[in-house]
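The structure under discussion appears below in the form of structure tokens.
The values are calculated or read from the model by the stated rules, or taken from the named source; none is laboratory data. As the structure is a computational prediction, the values presented were derived from the model and not from experiment. Positions of Cβ are generated from backbone atoms using ideal geometry, with glycine treated the same way; all protein chains shown enter the neighbour counts. Only protein heavy atoms, including side chains, enter the accessible area calculation; ligands, DNA and RNA are left aside. Shrake-Rupley method; radii C 1.70, N 1.55, O 1.52, S 1.80 Å.
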Amino acid sequence: MPEIVKLNRQYYRDVNHFAVSTPWAHGFMAFYSHLSGIGVLAILLLIAWWRARSRPKPDRQVARVLWAAGGTAIAEGISHYILKPLIAERRPYLTLAHVEVLLTRTHGFSFPSGHATIAGATIVGLWLSRDRLMTILAAIAGVFLAFGRVYVGMHYPGDVVAGLIFGGLFVLILSPAVVGPLTRFTRAIQRSSSIGWLVESRKGTGAHASSRA
């Protein structure tokens with residue numbers, strides 16, 4: 001067995017033993033590591049969009065947040081529908097005996113972690129949007145989500161590390177090609193009298209309108 005596989009399994013067992021020794025955290029970790037952690041990241045993206053509307057050049061700032069959200073969704077889709085079937089790694093509890101699993105066991109593939117892919121993409125997407133506060137909060141929430149997927153027994157550590165890296169790199173590498181077209185899209189919305197508020201806060205409309213004149 002390759003050494004990296006041995007380490008991956010050993011680290012999984014180490015975290016699993018930690019989970020066994022902390023039963024008081026099981027309810028919260030199962031709750032957060034299933035869908036709630038993704039919900040937290042989605043809320044941070046919404047807040048980032050709302051804040052972007054009031055910043056200088058809101059059309060470009062909102063476009064960056066749109067790519068953070070859209071790139072995250074695309075990266076997770078690629079992870080789930082292409083990478084997982086291609087690599088076909090079995091879940092840890094299907095390979096290792098006597099492990100603690102806090103969520104419903106599935107027979108889906110394990111590598112890379114979809115939750116960690118979402119976390120990595122969101123973190124890098126918000127970093128590219130230059131919203132420091134939301135980036136810091138997303139990093140805390142996202143890394144904790146990735147750890148939680150190992151804690152609840154659903155993934156090897158290597159699965160979540162790969163997910164974080166893949167999601168982050170996907171959003172980072174494609175950002176230069178995507179943000180430009182998205183900015184033209186948000187600029188068109190910005191000019192609308194009825195839905196322009198989606199891109200630019202109305203309290204700043206007068207000043208920005210003068211700068212565009």
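Which one of these does residue 127 not meet: (1) open to solvent by 30 Å² or more (accessible area, probe 1.4 Å); (2) part of a helix (DSSP H, G or I); (3) modelled with pLDDT under 95? Evaluating residue 127 over (1) open to solvent by 30 Å² or more (accessible area, probe 1.4 Å); (2) part of a helix (DSSP H, G or I); (3) modelled with pLDDT under 95 leaves (3) as the failure.
Only a single criterion out of (1) in contact (Cβ under 8 Å) with a residue 40 or more places away in the chain; (2) not in a loop (DSSP other than H, G, I, E, B) is not satisfied by residue 111, namely (2).
When 75, 42 are checked against the criterion of being within 15 Å of residue 114 (Cβ to Cβ) and either part of a loop (DSSP other than H, G, I, E, B) or touching a residue at least 60 places away in the same chain (Cβ under 8 Å) (or both), 75 stands alone in meeting it. Filtering region 45-63 to residues that are open to solvent by less than 70 Å² (accessible area, probe 1.4 Å), part of a helix (DSSP H, G or I) and without any contact (Cβ under 8 Å) to a residue 60 or more places away in the chain leaves only 49.
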